[in-house]
1. Taking the range 148-174 as the region of interest, how many residues are touching a residue at least 60 places away in the same chain (Cβ under 8 Å), open to solvent by 30 Å² or more (accessible area, probe 1.4 Å) and outside any helix (DSSP H, G or I)?
2. Filter the range 225-255 down to residues that are without any contact (Cβ under 8 Å) to a residue 12 or more places away in the chain and open to solvent by less than 50 Å² (accessible area, probe 1.4 Å) and give me whichever is farthest from ARG38 (Cα to Cα).
3. In the range 256-279, how many residues are buried (at least 17 other Cβ atoms within 10 Å of the Cβ) and over 20 Å from PRO47 (Cα atoms)?
4. Filter the range 175-208 for residues that are open to solvent by less than 10 Å² (accessible area, probe 1.4 Å), in contact with a Leu (Cβ under 7 Å, 6 or more places away or on another chain) and farther than 21 Å from GLU21 by Cα and give the result.
5. Please give the number of the condition PHE72 fails out of (1) open to solvent by less than 10 Å² (accessible area, probe 1.4 Å); (2) closer than 19 Å to ASN160 by Cα; (3) out of contact with any strand residue (DSSP E or B) (no Cβ under 6 Å at 6 or more places or on another chain); (4) hydrophobic (A, V, I, L, M, F, W, C).
6. In the range 1-66, which helices (runs of 4 or more DSSP H) lie fully inside it and hold 3 or more residues that are of a type in the set (Lys, Arg), open to solvent by less than 70 Å² (accessible area, probe 1.4 Å) and touching a helix residue (DSSP H, G or I) at 6+ places or on another chain (Cβ under 9 Å)?
7. Select from the range 116-147 the residues that are without any contact (Cβ under 8 Å) to a residue 40 or more places away in the chain, part of a loop (DSSP other than H, G, I, E, B) and touching a strand residue (DSSP E or B) at 6+ places or on another chain (Cβ under 9 Å) and list them in ascending order.
8. Assess whether VAL153 counts as being under 30 Å from PRO200 (Cα atoms), touching a strand residue (DSSP E or B) at 6+ places or on another chain (Cβ under 9 Å) and β-branched (Val, Ile, Thr).
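The values are calculated or read from the model by the stated rules, or taken from the named source; none is laboratory data. Not measured: the values here are computed from a predicted model. FYI the Cβ positions are ideal-geometry reconstructions off the backbone, even for glycines, and counts take in every protein chain you see. Accessible surface areas use protein heavy atoms only, side chains included; no ligands, DNA or RNA. Shrake-Rupley method; radii C 1.70, N 1.55, O 1.52, S 1.80 Å.
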Amino acid sequence: MNRPPNVDALLRPRPPSPLTEIRDDGFERHGVRLLLKRDDLVHPELPGNKWRKLAPNLRAAVDGGHDGLVTFGGAYSNHLRATAAAGRLLGLRTVGIVRGDELAGRPLNDSLARCAADGMRLHFVSRSEYRRKAEPHELARLVDAAGAGGAYVVPEGGSNALALHGCAELGRELHGAADVVAVACGTGGTLAGLAAGLAPGQRALGVPVLAGGFLTAEIRSLQAAAFGGPAGAWTLAEDFHHGGYARVPAELEAFAADFGSRHGLPVERIYVAKLLWALTELTAAGAFPCGTVLAAVVTGRP
């Protein structure tokens with residue numbers, strides 16, 4: 001009997017990711033030390049939380065004998081791009097169910113073009129259909145309509161119980177390194193797993209990049225599925241989404257460009273820039289006591 005391929009051997013990740021200190025006056029004047037957890041360097045094509053969340057699901061797909069992956073995302077989804085890259089590297093077919101059937105007849109944007117170049121077949125659905133994908137019957141219908149029957153289903157953003165166990169390893173890598181570990185949040189899976197992996201006395205802080213205030217319930221639900229109940233200490237800083245997902249107003253763009261220039265760091269705009277902005281503002285407002293060691297998780301690259 002043929003043994004399934006070793007996912008780690010084929011993808012060759014590089015954990016633990018580096019932890020570096022940044023000397024920034026906006027933090028130092030308040031007695032706060034800022035560390036960057038460079039999870040964007042953990043894998044060249046599946047950076048940061050994409051690797052953390054996808055890896056356990058990829059192992060489950062391969063071990064379960066699936067020959068393909070099917071997942072979900074919007075037109076600019078980093079998750080779709082990471083899944084497509086993983087499929088290419090592992091020799092698995094990939095199907096992306098994309099929100100917005102109006103996109104089907106248009107030229108592909110850079111993100112979707114990259115997915116297609118990596119072999120992902122794109123299936124566009126209406127926004128009303130997409131919203132119902134959590135319903136088991138509708139999920140089965142969407143997967144079947146996409147021609148992805150038999151493929152392993154990875155949820156939008158990669159956030160499920162398996163993914164949380166992968167993100168918990170990120171927390172364990174930070175034991176003893178910081179008082180507060182902050183991360184930008186989309187679906188909440190990274191924060192839910194990170195908090196579970198931190199040591200007693202450490203706290204995780206999530207910065208949502210979407211408006212709506214829905215993440216608290218989602219994180220609790222994810223932790224219940226993965227760990228049987230609440231796990232670790234975590235809070236959310238809700239007011240730094242800058243108008244919603246993928247909104248990068250001029251002031252945020254200027255902040256990210258300045259931070260990147262001063263520290264030689266390529267700052268990803270959708271998640272990481274909002275995280276660093278939030279931490280700068282919270283520090284100035286006295287949210288962190290003098291002497292706090294603050295670690296910011298850099299989850300991706302531009």
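1. Total satisfying the criteria: 5.
2. Out of the qualifying residues, it is GLY229.
3. 4
4. Of everything in the range 175-208, those that are open to solvent by less than 10 Å² (accessible area, probe 1.4 Å), in contact with a Leu (Cβ under 7 Å, 6 or more places away or on another chain) and farther than 21 Å from GLU21 by Cα turn out to be CYS185, GLY188, GLY189, ALA192, GLY193, GLY197, PRO208.
5. PHE72 satisfies every listed condition except (3).
6. Because the criterion is at least 3 residues that are of a type in the set (Lys, Arg), open to solvent by less than 70 Å² (accessible area, probe 1.4 Å) and touching a helix residue (DSSP H, G or I) at 6+ places or on another chain (Cβ under 9 Å), the helices (runs of 4 or more DSSP H) in the range 1-66 that meet it are 49-63.
7. Hits for the range 116-147 are ASP118, GLY119, SER126.
8. Judged against the criteria, VAL153 is not a match.
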